[in-house]
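Since every read-out is calculated from the coordinates, none of them should be taken as a lab result. Please read all numbers here as calculations on a predicted model, not as lab measurements. Positions of Cβ are backbone-derived with ideal geometry, glycine not excepted, and every protein chain shown enters the neighbour counts.
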Amino acid sequence: TLICRASAAVLLLAGIALLFASDMVLPGLVSGYPKTGLWLGQLLGAAWLSVAALNWWNRSTIFGGIYGRPLVAANTALYLSSGLVLFRATGRPGASVALWPLAAVATIMTLAYGLLLFRGPFPRDPGARGAS
């Protein structure tokens, strides 16, 4: 449940930033980002807000192993693909230094959801007590 709440918070903040401030966020992350492409950031922000809502509404559910597999798999795929894209972007010439913390957060969340996907609920997880 802690992972789900953290994921909801990360996606909520990023989603709001992209939905309402794409004109400030995207040019800061990608030098020369065209103003005509700001809609793409808003679209991504809307998608992240949707996953944040899904995570928040399922925050008291047991996750891991067979429990909540669709949500865990979706979050694993989201963070894994985001992390790979961000790490690739950091290696490009002229890449913003702000991409590194974003890539680190995506990697941490990928590992957390990956553990849930293949390991099962964490023993100290309050929602997992009834699962054993």
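Pairs linking a residue in segment 47-68 that is within 10 Å of Cys4 (Cβ to Cβ) to a residue that is among the β-branched types (Val, Ile, Thr) and surrounded by fewer than 19 Cβ atoms within 10 Å (Cβ to Cβ), with Cβ atoms under 7 Å and 6 or more positions apart or on different chains, are Arg59/Thr1; Ser60/Thr1; Gly68/Thr61. Of all residues assigned to segment 56-70, at least one qualifies as being closer than 30 Å to Arg119 by Cβ and in contact with a strand residue (DSSP E or B) (Cβ under 9 Å, 6 or more places away or on another chain). Filtering segment 55-77 for residues that are aromatic (Phe, Trp, Tyr), over 12 Å from the mean Cα position of the chain (by Cα) and within 14 Å of Leu18 (Cα to Cα) leaves an empty set.
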